[in-house]
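Undergrad: Okay, here's the structure, questions in a sec.
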Amino acid sequence: MQAVSTSTIVTGARARELIMRALAMGVRAIGSSLGPNGRGLMSDGGSGGPLFSSSGLDIARRVTNESGAGSVALRILRDALWQVQRDLGDGTTRTACIAVGLYAEAAKYIAAGMPPALLNKAIQQVQNEFPAIVENERCDAADALEIARSAYADEAIARAVSDAFAQMPAKGAIDVQQSREPGVRFERYAGYCLDVQPEVAGASVEEQGLRFDMDAVHVLVVNEVIAEFGPLARILEQFAMHAKSLVIVARGFEGAARATLSANRAALRMHVLGLIPAEVGIDAMHVLDDLCAATGATVVSEEMGTSISNVRPSMLGRASRLVVEHGRAVFAGANGAANVIDERRALLVAQAGSTRYLALDREKLERRAARLAGDWGVLHIGAHTQWETEQRAQGARAALAALSAAASSGVVDGGGRAFSGIADSLIALRPQSVCEIRRAAIRCIAVGCRTVTAQLAANRGGGESADMQPDMPYRTTDPLSTTLAILQHGVSIAATLLTVEVLIC
């Protein structure tokens, strides 16, 4: 006899009680990481050993179950914090504090008989006034080091990030990478960079993973997987006769083509290489077009009306030097036309601006534009343990995101003071509101804003006034645009949770 599964449906006050209990537990863990006095969370990683988390998103992931009615609220919060981290690079803990503080206050009004749908609508209407209210919190510009310190209170990281940003403030010009060596190291590069797959076509097994250098290199760009060279073999013979350097960048190399590259490389030593872009699909086509712009090459593609069989020397690009190392191919002294490069960079910047809500796509476009400029760098972050390395690298990315946001939007006071000011401005609006539900909505948002400062005070040990400034040896600031986005995300999360009236166990 087959068992029939049954579900328990929880509605109304009981459902909101389950939601509030889960949120209270979650924000207790998440909020403990806020500010310079924040604490990390250690969790059982099973056979992989203990796991350390210090950001709001990581902690939310650790404390969230994947099933059960009691997990619904935390799963909604976790997924929303992932979007905040993706879009802002920081602010997940403050977002969680605002969302949970607002929901807790709104739950009191609902328990007293206020309709959830009407309160939710009123909260959403108040959001229209956020830009002007946050703008009133704008303060005098801070220097780059202060902004970086406010985002991540590690002096070495903050100084390295601010120094790197001062050298190259263009978005996407600086990559943050984890290093096996403890410390912080910044490397600046000149030339167009293409991320490539680890395997170099034509190189022997012993050579894979080594550094490759080529001078006065010719560049053939093929937007196809090459199975055989056919008539192109004659061009390869010409390079062999004159000992010239040739790099072929294609979607892939198979069969006879790979064997030909290996044979030519064995005879010519360093003069012939085959590289495959790390990107796949349409992204690979885009970076190949970037490479053509940078080097002056003409892409070989059946779709564009060209093929391997009719390649001419004039279709090859040029670069004074090529270095392939650690999954990067750097073309120095690339021979692309300046006007072509400028036009393509302008197109990429415009596309990045239009992808406001697609952070990953925007970052890729900004990185491509920066690399086309031929000036970019890598910030290598390392520590003695893996979790510390991850934490420091994450902090460096947050500091870099803060500097970029501050450069475009300005700053507000940090340490929760801006959110306290926003709460004060909201409360000042209440007497002007004749609608009771609107007054309730304003108070709920104000309470959510004050939760940030209260949590900072609690993390300092408790007992301090909620609006007490943090005990920091330097001025703390936050980007204005980030502060506005955190407020909008936090309120949006709470408003979504207010609509949940039924849970199924």
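Undergrad: Got at least one residue in segment 186-203 being outside any strand (DSSP E or B), among the aliphatic types (A, V, I, L, M) and modelled with pLDDT under 90?
TA: Within segment 186-203, one or more residues are outside any strand (DSSP E or B), among the aliphatic types (A, V, I, L, M) and modelled with pLDDT under 90.
Undergrad: Out of segment 168-189, which residues are over 12 Å from Leu379 (Cα atoms), surrounded by fewer than 13 Cβ atoms within 10 Å (Cβ to Cβ) and not basic (Lys, Arg)?
TA: Of everything in segment 168-189, just one residue is over 12 Å from Leu379 (Cα atoms), surrounded by fewer than 13 Cβ atoms within 10 Å (Cβ to Cβ) and not basic (Lys, Arg), namely Glu181.
Undergrad: Moving on. Mind checking which pairs have a first residue in segment 186-209 that is of a type in the set (Asp, Glu) and a second that is buried (at least 20 other Cβ atoms within 10 Å of the Cβ) and at pLDDT below 85, Cβ under 9 Å, 6 or more apart or different chains?
TA: Glu207/Val200; Glu207/Arg265
Undergrad: If you go through segment 328-376, how many residues are buried (at least 19 other Cβ atoms within 10 Å of the Cβ) and of a type outside the set (A, V, I, L, M, F, W, C)?
TA: Looking only at that region, the number is 10.
Undergrad: When the residues of segment 190-228 are narrowed to those that are farther than 21 Å from Thr298 by Cβ and touching a Ser or Thr at 6+ places or on another chain (Cβ under 7 Å), which ends up surrounded by the most Cβ atoms within 10 Å (Cβ to Cβ)?
TA: Gly202
Undergrad: Then there is this: Here are some conditions: (1) more than 19 Å from Ala216 (Cβ to Cβ); (2) among the aliphatic types (A, V, I, L, M); (3) buried (at least 23 other Cβ atoms within 10 Å of the Cβ). Ala297 meets all but one. Which one does it not meet?
TA: Of the numbered conditions (1) more than 19 Å from Ala216 (Cβ to Cβ); (2) among the aliphatic types (A, V, I, L, M); (3) buried (at least 23 other Cβ atoms within 10 Å of the Cβ), the odd one out for Ala297 is (1).
Undergrad: It is to be established whether one or more residues within segment 356-369 are farther than 20 Å from Gln178 by Cβ, in a helix (DSSP H, G or I), over 23 Å from the mean Cα position of the chain (by Cα) and of a type outside the set (D, E, K, R).
TA: no
The values are calculated or read from the model by the stated rules, or taken from the named source; none is laboratory data. This one's a predicted model, so the numbers in the text were calculated from it and none came from an experiment. Every residue, glycine as well, gets a Cβ built from its backbone with ideal geometry; the counts of neighbours run over all protein chains shown.
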